Amino acid sequence: MNPQKGEIFCFNKPYTWTSFDLVNKVRGILRHRTRNRKLKIGHAGTLDPLATGVLIICSGKATKRIDELQAGVKEYVATLKLGATTPSFDKETEEDATYPTDHITKEMVENVLQQFVGTIEQVPPSFSAVKVNGKRAYQMARKGQEVELKPKQLTIDEIELMTCNLPSEIMIRVVCSKGTYIRALARDIGQALHTGAYLTDLCRTRVGNYRLADCLDITEFDDWLNAQTIEIENETS
């Protein structure tokens, strides 16, 4: 293994950690192990703090592949609470409204989900990293400022209804393109069901060919590295 020449690591991002938290942790460990304080580390595709799952981290010259890796098809498993909304469309913020759900049937849910398969337009969440006039949208949203975001085109290849615990909860599997916000998809599914919806759980299970089953656990990363042969180069390499 040669982190300086370039390695690709696949981690299961812990719950409540930001993607940058994980990158910083990996950076510190690898820089210490390689004795290279300038070792480049980057990640391919941000995950929300309340999401878990596949986060690809690249080192050294492999950071040049980040755009390629980010472009890979993503797969998620998401749990949605029906009948309520939050400003962030997940559990980061408190519920701000409730809606009836008695009219919802499993057949209705299955039909609505298929409406989102294909190329669609999606407005990103205001609690997102999208830049508006040079500022991150979530920075404005958290201050209570109005955020107006433009719809973006994306592709959803598959949506599968995994569990249907009506009237309050469904679990879905989504296969989609880069740039898809599953929180926004939850919002839109809720609206299509004539109710509200937000995410209560989200796990990214695949990015391209990298799957959750193959991911490293950051708490075991040091021990895993101990079992590897690491090539050390001088700091200018």
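The values are calculated or read from the model by the stated rules, or taken from the named source; none is laboratory data. Bear in mind that the values here come from a model prediction, so they are computed numbers and not experimental data. No Cβ is skipped: glycine too gets one built from the backbone with ideal geometry, and neighbour counts run over all protein chains shown.
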Just checking, does the range 21-38 include any residue being in the same structural domain as Ile218 (by TED's automatic domain parsing) and over 22 Å from Lys5 (Cα atoms)?
yes
Could you please give the count of residues in the range 8-25 that are under 14 Å from Ile230 (Cβ atoms) and among the aliphatic types (A, V, I, L, M)?
0
State all residues of the range 180-237 that are among the aliphatic types (A, V, I, L, M) and without any contact (Cβ under 8 Å) to a residue 12 or more places away in the chain; if no residue qualifies, say none.
Ala213, Ala227
Considering only residues of the range 179-237 that are touching a Pro at 6+ places or on another chain (Cβ under 9 Å) and of a type in the set (Val, Ile, Thr), which is modelled with the lowest pLDDT?
Ile230
Give the residues of the range 6-65 that are closer than 26 Å to Pro124 by Cα and among the small types (Gly, Ala, Ser), sorted by residue number.
Ser19, Gly42, Ala44, Gly45, Ala51, Gly53
Of the conditions (1) over 20 Å from Val123 (Cα atoms); (2) buried (at least 18 other Cβ atoms within 10 Å of the Cβ), Asp90 satisfies every one except a single condition; which number is it?
(1)
Tally, over the range 201-231, of residues that are among the polar types (S, T, N, Q) and buried (at least 16 other Cβ atoms within 10 Å of the Cβ)
1
